[in-house]
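One structure below.
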Amino acid sequence: VTTARMREKLDEQQRELATFSDTLVHDLRAPIRSVEFLAGQVGEDLDAGDEEGMRQALRMMQTSVVQMKELLDGLADYLRHDREMQMSDCDLQTVLARSLAALDLEIKESGSMVDSGEVSGSFLCRPEQIAQLFQNLIANAIKYSGTVSPRITISARPEGDALLCSVADNGVGIPERYRQRVFEPFKRGVDHNAPHGTGLGLSTCRKIVRRHGGDIWCEENDGGGTRMVFRLARTPLSDDNVELGPGAQAGAA
């Protein structure tokens, strides 16, 4: 079993590396070309004494630099969750509080209402990863809220030897045909007008959930919006026991 598991893990990593090498090169080319062009533009404006033109070009360069930084940071976060981390007994409400504290500014600026009253339970986990999981899902709910004030409901309850958790929002929602592909690396929003992102947030969530012996899927929320549901094993799992099957299993659209 160990040999088969190792072979499967290596095959998965090779597929991911192939995806990364193709997509990362593609996604980085656009901002790099932009910076290259704008640098030339700054030189021309400098020669012409056009200060306003220089300021505008510099602002656009900063936007391109931020885009590259977000992409590289997202990739680093995604790859970081392949590393071993210490399991510890954690209270889910405490882990969630860490995620909400990290998003405090985004929550206040967006006017988000977050209800986490139905969160309870403790389990063995990698707390840093579970905090990142909740942080990514809540941040997505804020980002894709559309024109309404975000209303986010977080719940968690024991289900046998697992915890069944969900993060529901009232945002733009995800069409049924896209609800599995959104967990794939570099698959960004389904709408060309959607906010910019790295395409690694939900993929990182799936990786974290799988490393905790669980699965994650997407549903339509009652009354509109999206409901991200994930199941976490309450007992520690070695890499030999972690399932690598599709992220959207039970309950998937």
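Observations on the structure shown:
- The selection criterion, being in a helix (DSSP H, G or I), over 17 Å from R211 (Cα atoms) and at pLDDT 85 or above, holds for L58.
- Enumeration of residues in segment 222-232 that are surrounded by 21 or more Cβ atoms within 10 Å (Cβ to Cβ) and within 18 Å of V172 (Cβ to Cβ): G225, T226, M228
- The set of residues from segment 108-144 being touching a residue at least 40 places away in the same chain (Cβ under 8 Å) and in a helix (DSSP H, G or I) comprises S110, E128, Q129, I130, Q132, L133, N136, L137, A139, N140, A141, K143.
- Scanning segment 145-169 for residues that are surrounded by fewer than 21 Cβ atoms within 10 Å (Cβ to Cβ) and assigned to a loop (DSSP other than H, G, I, E, B) yields G146, T147, V148, S149, G160, D161.
- L46 vs. criteria of a type in the set (A, V, I, L, M, F, W, C), at pLDDT 85 or above and closer than 20 Å to R211 by Cα: no
- Candidate set: segment 61-88, residues that are outside any helix (DSSP H, G or I) and at pLDDT below 75; chosen: the one surrounded by the most Cβ atoms within 10 Å (Cβ to Cβ): H81
- Taken together, the criteria exclude L38 from residues that are touching a strand residue (DSSP E or B) at 6+ places or on another chain (Cβ under 8 Å), at pLDDT 85 or above and in a helix (DSSP H, G or I).
- Scanning segment 37-54 for residues being open to solvent by 60 Å² or more (accessible area, probe 1.4 Å) and over 18 Å from V65 (Cα atoms) gives a total of 7.
The values are calculated or read from the model by the stated rules, or taken from the named source; none is laboratory data. It should be emphasised that the depicted structure is a prediction, and the values quoted were computed from it without experimental measurement. Quick reminder, even Gly has a Cβ in these numbers, built from the backbone with ideal geometry, and neighbours come from all protein chains shown. Protein only, heavy atoms only, side chains kept; ligands, DNA and RNA dropped before computing areas. Shrake-Rupley method; radii C 1.70, N 1.55, O 1.52, S 1.80 Å.
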